[in-house]
Amino acid sequence: MIRPPPRSHRRAAALVAALLLAACADATTTITPRLSQPAAPAATPAPGTAASGVAPSPAPVLLVVMENRGYADVVGAAAWPFLNGLIARGGLATAMYATTHPSLPNYLELITGTTAGITSDCTGCSVETPTLVDQLRQHGLDWRAYMEGAGGPCPTDRVVPFDGFAGAVATGALPAFTWVTPNLCDDGHDCDGTVADAWLRDTLTPVLASPWYRAGGIVVVTWDEGGDDAGCCGGAAGGHIATVVVSTAVRAGSRLAAPADQAGLLRALEDHFGVGHLGDAADPRSGSLLPLLQA
């Protein structure tokens, strides 16, 4: 059961925590996935390696979700020098669109493949639906969500404060899938682009210099919604947004011009990890960013 938390200055982090959380069933604000207990993560070799007779494990993915900027607000913008440096060294989806407005339905679409009819940042609504992390756990793949500024009575070993992120990068402890949510200033929601770009620089520079990245780790930076109602893909109308993909396997300057929406990003992650499709991710009209992950 996905039940969004009360709105506050920590809205974004708490929102995604509610979407990803797989424990604390007695708390007021929870998500109860279809799996009643977490599956033990399987031991996996380093990205691109494999034990004899075993297919290589998929490269790990780090997803950073920023807020409330359209494509033209960031791509080529002077306030975003670090981001545009990432675009130059990696790949960019040039026809990516958010699902709708406001934020909550977009987060739902990105992690579940459906908005479940939610049309606001409601606090009393709830949704019962499987999520990407349910799929990962069913396939023995570990995950973690780092939430800057998140707090509350329900800590888990999978949804954790952002304070531990740098240490996980330094020690090579990032799992198969990592979700990172900045606070409402650092994600650009409440502060200008120079602040958000500086946060990306300070956060991702150590990642790009790490053994995790050199071994094939994939960094994806995207936005929850744009500033207009532009759309694509049979229904998305949440604005034109940038999505950037960087890894040692992505050719510098790669571009994906095919339209895609947030279910198309979910589809790409699902195909990358080999876990099947949820909701709108199964609809070909949603497109897919998988070619960019493999560019």
Using the charge dipole of region 177-295 (Lys, Arg: +1 at Cβ; Asp, Glu: -1 at Cβ; taken about the Cα centre), state which of Gly193, Trp223, Ala295 has its Cα farthest towards the positive end. Ala295
If the chain between Asp228 and Arg214 were fully extended at 0.36 nm per residue, the gain over the current Cα-Cα distance would be 1.3 nm
What whole-number distance in Å separates the alpha-carbon centres of region 250-295 and region 99-132? 19 Å
Under a 5 Å amide H to amide H cut-off, with H placed in plane at 1.01 Å, what residues pair with Ala145 once short-range neighbours are removed? Val159, Val160, Trp179
Pull out a ≥ b ≥ c, the square roots of the eigenvalues of the alpha-carbon gyration tensor of region 161-295, then state rounded if a/c is under 1.5, prolate if not and a/b is larger than b/c, and oblate in the remaining case. oblate
For region 104-214, give the magnitude of the charge dipole about the Cα centre (Cβ charges: +1 Lys/Arg, -1 Asp/Glu; no others), in debye to the nearest 20. 460 debye
With a ≥ b ≥ c the root eigenvalues of the C-alpha gyration tensor of region 103-208, is it rounded (a/c under 1.5), prolate (a/b larger than b/c) or oblate? oblate
For region 177-295, with the dipole built from +1 on Lys and Arg beta-carbon atoms and -1 on Asp and Glu ones, taken about the Cα centre, which of Pro211, Asn183, Ala260 lies farthest toward the positive end? Pro211
In whole Hz and in residue order, list the ³J(HN,Hα) couplings for region 163-173 that follow from phi through the Karplus curve 6.51 cos²θ - 1.76 cosθ + 1.60, θ = phi - 60°; x for Gly and Pro. 3, x, 5, 4, x, 5, 5, 5, 9, x, 9
Using each residue's phi in region 203-219, evaluate 6.51 cos²θ - 1.76 cosθ + 1.60 at θ = phi - 60° and report the 3J(HN,Hα) Karplus result to the nearest Hz, with x for Gly and Pro. 7, 8, 4, x, 4, 5, 9, 8, x, 4, 6, 5, 7, x, x, 10, 9
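Only the coordinates and a few stated rules stand behind these numbers; no lab work does. Treat the numbers as computed from the prediction; the structure is a model and nothing was measured. Neighbour counts are summed over all protein chains in view; Cβ atoms, including those assigned to glycine, are modelled from backbone coordinates with ideal geometry.
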